Amino acid sequence: MIFKQFNFDGCLAYVIACDREKIGVIIDPSHEMEPFLDFVASHGLTITHVIDTHTHVDHVSLAPELADRLGAKTVMNRNTPAQREIGAKVTDLFGIEKILAENARKRIDLYLGDKEEVKIGDITLRTMETKGHTRDHMAILAGDRIFTGDVLIIGQCGRTDLPGGSSRDMYESLFGRIMPLSDDLIVYPAHDYRGNINSSLGYEKVNNVCLKTQFTMEDFEKFLKGLFPPLDANTGKLQCGLSTMEPAPEGELGPLMKSFCMSMEGILAAPHEETVIQPEDLLRRIAGKERPFLIDVREPKELKETGFIEGAVNIPIREVARRIDEFPKDLDTPIVLYCASGHRSSHAAIYLRAYGYHNARNLEYGIHGWQDRHYPLTKWA
């Protein structure tokens, strides 16, 4: 996969493309055309679609302009005409009305509904309607990544007090659509004002202040009213989320979010063999004198069902940061982490690398791959 994130004063945009066929899309472009055009040209890409995840109120979309230059189609959600009707009724709202009017003039070549697909070579993009920030909001799933637009911002959600917004719709989108998805998804939002690059959905489920599982819809509505400051002409700049928030409480995944994000980007770009270990290699090391510090990040009930690799310490994924003192003091120590398939443990390996354990590696294929090769397992006592 060819992947690039662009950051324009907290507005995030993306290019994602198939490495084999050099076909790709652009998501939520704004501000400047040249960075996108330069990246596309330097990688020899053919862009087929330019996608806006929703009608933006804080910046003007560049989707049709880029589509014209690149011979692509512009894409938005099927509810965009209804969202534009709402925006047309806004006549005086701190300058928002001017951005809405300009974006309403942008052409749309293709409307997508819920659970529709766009294929770019080996990559399939799937839409997920996620109303709340706007009526026409959609998230985009692409393999191990989810482009959440403004429905889920790192540490929070998007505002719901802008034209087309609804706290009740946001509640349904977050708890009915986003929360059931895999913890392993890497989250790429449309905005971030605090220097983050990405997150994982598992991290957000634990630390995001808007994803408290005890929320009722009524509680959620009250919480959002207190979370976002009222729209104010004196602030000088509209933001779709907060630029400052109280730090997340000490808990399951700890305070290293920015390092976690940087490390995740590094691992995604690093050669595969530098970040994983093959089952055959681990078996050889266990049998020899190169035995690594071995961590099983599954839940205890999973170990009871399948057994575990002899010598492994069980530290469930959500306890890794809280139990960091149980890891070797020497940051050069070789560490191997595993789970059922390799997904959860890959995030734990990224976290440890962010902490400084540069020899932390993930077991390819997880315990399933280990079992498929009939390698030995120890039964839970």
- Enumerate the helices (runs of 4 or more DSSP H) found wholly within the stretch 180-269, keeping only those where 2 or more residues are modelled with pLDDT under 80 and open to solvent by 20 Å² or more (accessible area, probe 1.4 Å). 257-269
- Task: Could you tell me whether Tyr375 is part of a loop (DSSP other than H, G, I, E, B) and modelled with pLDDT of 95 or more?
- Result: yes
- Query: Do we find a residue being crowded, with 19+ Cβ neighbours inside 10 Å, in contact with a Phe, Trp or Tyr (Cβ under 9 Å, 6 or more places away or on another chain) and over 24 Å from Met217 (Cβ atoms) anywhere in the stretch 125-136?
  - Reply: yes
- Task: Run Ala101 past the list (1) open to solvent by 20 Å² or more (accessible area, probe 1.4 Å); (2) of a type outside the set (Asp, Glu); (3) modelled with pLDDT of 95 or more and report the number of the one that doesn't hold.
- Result: (3)
- Starting from the stretch 5-18, take each residue that is in a strand (DSSP E or B) and list its partners that are open to solvent by 10 Å² or more (accessible area, probe 1.4 Å) and at pLDDT below 90, counting only C-beta distances under 7 angstrom and pairs at least six apart or across chains. Gln5/Ile197; Cys11/His59; Ile16/Met1
- Message: Pairs needed: first member in the stretch 360-374, at positive phi; second member anywhere, small (Gly, Ala, Ser) and modelled with pLDDT under 95; C-beta distance under 9 Å; at least 6 residues apart or different chains.
- Response: Tyr365/Ser341; Tyr365/Gly342; Gly366/Ala340; Gly366/Ser341; Gly366/Gly342; Gly366/Ser345
- Item | Residues of the stretch 19-40 satisfying the condition of being assigned to a strand (DSSP E or B) and modelled with pLDDT of 95 or more | Ile23, Gly24, Val25, Ile26, Ile27
- Task: Quick one: in the stretch 28-65, of everything that is in contact (Cβ under 8 Å) with a residue 40 or more places away in the chain and of a type in the set (A, V, I, L, M), which residue is most open to solvent (accessible area, probe 1.4 Å)?
- Result: Val60
- Task: For the stretch 55-99, enumerate the residues that are among the hydrophobic types (A, V, I, L, M, F, W, C) and closer than 19 Å to Asp9 by Cβ.
- Result: Val57, Val60, Leu62, Ala63, Leu66, Phe94, Ile96, Ile99
- Message: Anything in the stretch 290-299 that is open to solvent by 50 Å² or more (accessible area, probe 1.4 Å) and in contact with a strand residue (DSSP E or B) (Cβ under 7 Å, 6 or more places away or on another chain)? List them, or say none.
- Response: Phe293
- If you take just the strands (runs of 3 or more DSSP E) that sit entirely in the stretch 67-123, which of them hold at least 2 residues that are in contact with a Gly (Cβ under 7 Å, 6 or more places away or on another chain) and within 17 Å of Leu45 (Cβ to Cβ)? none
- Item | Enumeration of residues in the stretch 314-331 that are in contact with a strand residue (DSSP E or B) (Cβ under 9 Å, 6 or more places away or on another chain), free of Cβ contacts under 8 Å to residues at least 40 places away in the same chain and either open to solvent by 50 Å² or more (accessible area, probe 1.4 Å) or in a loop (DSSP other than H, G, I, E, B) (or both) | Ile315, Pro316, Glu326, Phe327, Pro328
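The values are calculated or read from the model by the stated rules, or taken from the named source; none is laboratory data. Predicted model only: the values in this text are computed from it and were never measured. Methodologically, a virtual Cβ is constructed for each residue, glycine included, from the backbone with ideal geometry; neighbour enumeration extends over all protein chains shown. Only protein heavy atoms, including side chains, enter the accessible area calculation; ligands, DNA and RNA are left aside. Shrake-Rupley method; radii C 1.70, N 1.55, O 1.52, S 1.80 Å.
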